[in-house]
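The values are calculated or read from the model by the stated rules, or taken from the named source; none is laboratory data. From a predicted model like this one, the values you see are computed outputs, not experimental measurements. Note that each Cβ is placed from the backbone with ideal geometry, even for glycine, and that neighbours are counted across all protein chains shown. Just so you know, the surface numbers come from the protein's heavy atoms only, side chains and all, with ligands and any DNA or RNA stripped out. Shrake-Rupley method; radii C 1.70, N 1.55, O 1.52, S 1.80 Å.
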Amino acid sequence: MTTEPPPPPDDDPFRKPPDEDPFKKQPPPPGQSGGGSPYGATPPPPYGGGDPYGGGPYTNDPLAGMPPLADSGKRVLARIIDMILVVIVVWLLTWGFGVNEYDMDADRIQYGKSFGQSLIALLLYVGYDTFLTTRSGQTLGKKWLHLRVANLDNGSTPSVQTSLVRALVLWVPFAFCCACIWTAVAGGWSFFDKPYKQGLHDKAAKTVVVSTD
């Protein structure tokens, strides 16, 4: 006679789901090729055929089964919200540590102050973006505007590595050289990109931004 408890029934509410990520795309039912593109048809392959990221020829639209792609204007607004939130923290930290108390001193001290502010900003922006994107695909700005970052290939929440690559491409130039110009170029790319509405940081990380409405 065994003392092992019987296995839980299939409808047990405490049974752990087989996939931890609720956003990951599921394969379509047999005989179905999946949904259509947000542009009305399956996107054509690039010149020479094949996936734009080096895979084989298209068999299905990567966006099939995902929510619709996010509006680029809402993406910009979400990014502005995130920038304001982090800038407030950067200002408080630089003020608290006295990084900007040498504004009127020699050039070397001014350069040190500027580099210190840029480094604090970079660490905060990258950490904020990477942590929240890995956690749920949503920064606070994206959460409030009902947007989410997803892996292009399967719709799942990006990994730490993917989120870090995405954040570094966006924020390193912003912090140390091009500031708002680079953010406008990298993020504004989504207004013109077809068929996935990707910013340059999305292309580097192979992600898209979708609506959660």
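Pull out all pairs, ordered by first then second residue, where Cβ-Cβ is under 6 Å, the residues are six or more apart or on different chains, the first lies in segment 138-149 and is of a type in the set (D, E, K, R), and the second is part of a strand (DSSP E or B) and modelled with pLDDT of 95 or more.
Filtered contacts from segment 138-149: Arg148/Val210.
Restricting the search to segment 120-135, which residues are among the hydroxyl-bearing types (Ser, Thr, Tyr) and at pLDDT 95 or above?
Tyr128, Thr130, Thr133, Thr134
Find the residue count for segment 167-205, including only residues that are in contact with a Phe, Trp or Tyr (Cβ under 6 Å, 6 or more places away or on another chain) and either at pLDDT 95 or above or open to solvent by less than 50 Å² (accessible area, probe 1.4 Å) (or both).
7
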